[in-house]
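S.K.: Quick one: this structure, given as structure tokens, is what I'll be asking you about.
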Amino acid sequence: MTQPATQDRRANGDETHPAGSRSRTHTWQPPTSYADAVAHTGIELVRMGLDGRLPEAPICGTLGFRLVSAEDGQAVFEGEPGEHLYNPMGTVHGGYMATLLDSALGTAVLTALPAGRAYTTVQLGVHLVRPVLDTTPTLRCEGRTVHVGRTTATAEARLVGAVDGKLYAHGTATCAVLALPGAG
């Protein structure tokens, strides 16, 4: 999968960027349109993303995480925490963990959908159990479907240290399953 170009820099100081300030930039490709997706099953779309035939979701580059594997009813993302994700209290913002969880949960649901169907998260439950810092090693988020029906789906996920398996957060999602525009 092609990764977006992301760059972190420390500024030397000028009137726009005081000494010690940092900047972060990245590039991305536009996501796939519904018209391009309608003929493929969810697992086909996810695998096309994994092998680089489809661009990754722009949110991945924005927050610094990536889809690393997927099977029917399962999806795994990994992310690198950093200071650029800090909240005012000096820890990684809970929204980062919630976004990783939502991505794994939703992608797990997508892998189980037939051609012409899509999903949208309608309820997200997040439990943050350990703080994440810029020194926290790579995080791994594993999502699995619990139920996939014609109009709703549910999934659960765990966010753990990729190396040590420590639990940082876990969550659940309920998704609405809907027809893609143009699906027959």
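The values are calculated or read from the model by the stated rules, or taken from the named source; none is laboratory data. The model shown is predicted, which means the values in this text are computed figures rather than measured ones. We place every Cβ from the backbone using ideal geometry, glycine too, and count neighbours over all the protein chains shown. Each accessible area value is taken on the protein alone, full model and side chains, heavy atoms only, with ligands, DNA and RNA left out. Shrake-Rupley method; radii C 1.70, N 1.55, O 1.52, S 1.80 Å.
S.K.: Between L167 and H127, what is the label-to-label distance in nm when each label sits 7 Å out along the Cα-to-Cβ direction?
M.R.: The answer from the label model is 0.6 nm.
S.K.: For every helix of n ≥ 4 consecutive DSSP H residues, a contribution of -39,500 (n - 2.57) applies; sum these over the chain, divide by its total residues, and give [θ] at 222 nm rounded to the nearest 500 deg cm²/dmol.
M.R.: Per the formula, -5500 deg cm²/dmol.
S.K.: From a point 7 Å beyond the Cα of S21 in the direction of its Cβ, which residues of the range 70-97 have a backbone N at a distance under 17 Å?
M.R.: Zone members listed by number: 84-85.
S.K.: Tell me the per residue accessible area of the chain using a 1.4 Å probe; a whole number in Å² is fine.
M.R.: Roughly 54 Å² per residue, with all protein chains present.
S.K.: Now, a different point. Compute the long axis of helix 94-111 from its Cα atoms, compare it with the longest principal axis of the Cα atoms of the chain, and write down the angle in degrees, 0 to 90, nearest 10.
M.R.: For 94-111 against the chain, the angle is about 20 degrees.
S.K.: To continue, here is another question. Using amide H atoms built in the peptide plane, which far-off residues or other-chain residues are under 5 Å from S69 H to H?
M.R.: Amide H neighbours of S69: V76.
S.K.: Okay, moving on. Roughly how large, in nm² to one decimal, is the mean projection of the convex hull of the alpha-carbon atoms in the range 113-184? Numbers along the way, then the final one.
M.R.: Numbers: hull surface 24.2 nm².
For the range 113-184, averaging the hull's shadow over all directions gives 6.0 nm².
S.K.: Roughly how many percent of the accessible protein surface of the chain is carbon and sulfur, given a 1.4 Å probe and a whole-percent answer? Mind showing how you got there, number by number?
M.R.: Details: 5220 of 9900 Å².
Heavy-atom surface of the chain belonging to carbon and sulfur, 1.4 Å probe: 53 percent.
S.K.: With viscosity set to 1.306 mPa s at 10 °C, what whole-number translational diffusion coefficient in µm²/s follows for the chain from Stokes-Einstein and a Kirkwood radius over Cα pairs?
M.R.: D, rounded to a whole number, is 92 µm²/s.
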